[in-house]
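Below: one structure, written as structure tokens.
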Amino acid sequence: MGNFHELLDHEVTLAFMRYGTIVVLKMMLMSTITAFFRMKKKVRDESWSYEKKQCVDSFPRIHLNDLENIIPFLFAGFFYSFSGVSLSTALLHYRIFLGSRIFHTIAYLVPLPQPSRGLAWMAGYLVTFSMMYKVIMIAFTVS
Amino acid sequence: MGNFHELLDHEVTLAFMRYGTIVVLKMMLMSTITAFFRMKKKVRDESWSYEKKQCVDSFPRIHLNDLENIIPFLFAGFFYSFSGVSLSTALLHYRIFLGSRIFHTIAYLVPLPQPSRGLAWMAGYLVTFSMMYKVIMIAFTVS
Amino acid sequence: MGNFHELLDHEVTLAFMRYGTIVVLKMMLMSTITAFFRMKKKVRDESWSYEKKQCVDSFPRIHLNDLENIIPFLFAGFFYSFSGVSLSTALLHYRIFLGSRIFHTIAYLVPLPQPSRGLAWMAGYLVTFSMMYKVIMIAFTVS
């Protein structure tokens, strides 16, 4: 278990593990909801109206949006946790991202009027960009 | 090569490298099949019936399903390999996941009657969830 | 910052950080373009012709293609950077992949006549495969 403790001694990486896991769990939950709605769709396919079908079809799209935002976060967040930032700064980044994704999902499911979902997406996007900027700055100045 | 040997000394991480690579290779193979069928589709686009087109369109969907299941596995599996589990437990998790994904693909391509594909997806999902549970338990109790 | 310097001492991993970040940044840029075009689509939805709608709908597909190629690259590239290859060989792999993805995007957006996009995809695919081959060879011979 030597390698493990070495990893956990680094508390920013530990924070990344926590928030990364919650974000991925949220994504997996969406996957279950998608599967559940698809099953429902198959059963009622003949009786449903066109509008209802449209609504069900939007579930994969939100899932795709999750994928395309979470992958850059996981990549950037991992290297960001080794970039020597303070724990509080890293936590701020991870928490804003987690919050923005949860709010984005809620805005999709309720649904809330449009600017809200766009703003949630924008917040997560900017946080990821801020982390990538830090990673790139370090990667290109160190050697 | 210092860093490398350190990584490989940890035999659970080595097991993750093996099974992760096979899972990703399987996904890349699907990508080739998708491209191959898309090319075929373009050639015969005018002569094909609606039913045949539907069948071809389902290839990207299975690929998307791969993406949405393999990303949580890679994320959870990586940290799981550092969580101090025994090699046999880790191998059990990795092997069930690999088996469930291969069976899922076969069930999609043959195709086998419906409950089989759903059960394969469920097996992979539960294994990923079990790994995330372990990771989360450690991440929240260590510090 | 101990863990960080250890990571950065390994210059191949540093190279992976650089090229991986650029590749992911390119993907995030596509995400913005997609969102921008979707917004435009919503505004003009009634007045647009069918051909224009088709063009806009192709944006998510290129994004999906990015996802399905970049995930194997990030996975394989990370372990590849620990596989004891020389810096020049690793740089060759990372640079060809980055170039192939950028050319693929340009070929999609201009658009260039078909064989060009297929060849770009093929180049990225082969480079990823070459890295996975190296990773698998090491994973199965070391222990």
Near pairs, Cβ below 8 angstrom, 6+ apart or cross-chain, from the stretch C:64-81 (within 17 Å of B:I22 (Cβ to Cβ)) to any residue that is among the acidic types (D, E): none
Residue check for A:L74: facing another protein chain (nearest Cβ under 7 Å), part of a helix (DSSP H, G or I) and closer than 23 Å to B:F75 by Cβ: yes
Positions within the stretch C:79-102 being assigned to a helix (DSSP H, G or I) and crowded, with 20+ Cβ neighbours inside 10 Å, in sequence order: C:F79, C:Y80, C:A90, C:H93, C:Y94, C:F97, C:S100, C:R101
Members of the stretch B:116-143 found to be more than 11 Å from chain A (Cβ to nearest Cβ) and not polar (S, T, N, Q), listed by number: B:L119, B:A120, B:A123, B:V127
The stretch B:103-141, residues that are exposed (fewer than 15 other Cβ atoms within 10 Å of the Cβ) and among the β-branched types (V, I, T): B:I106, B:V110, B:T141
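Read-outs: derived from the displayed coordinates by stated rules, not from any lab. Computed from a prediction, not measured in an experiment: that's the story for all the values here. No Cβ is skipped: glycine too gets one built from the backbone with ideal geometry, and neighbour counts run over all protein chains shown.
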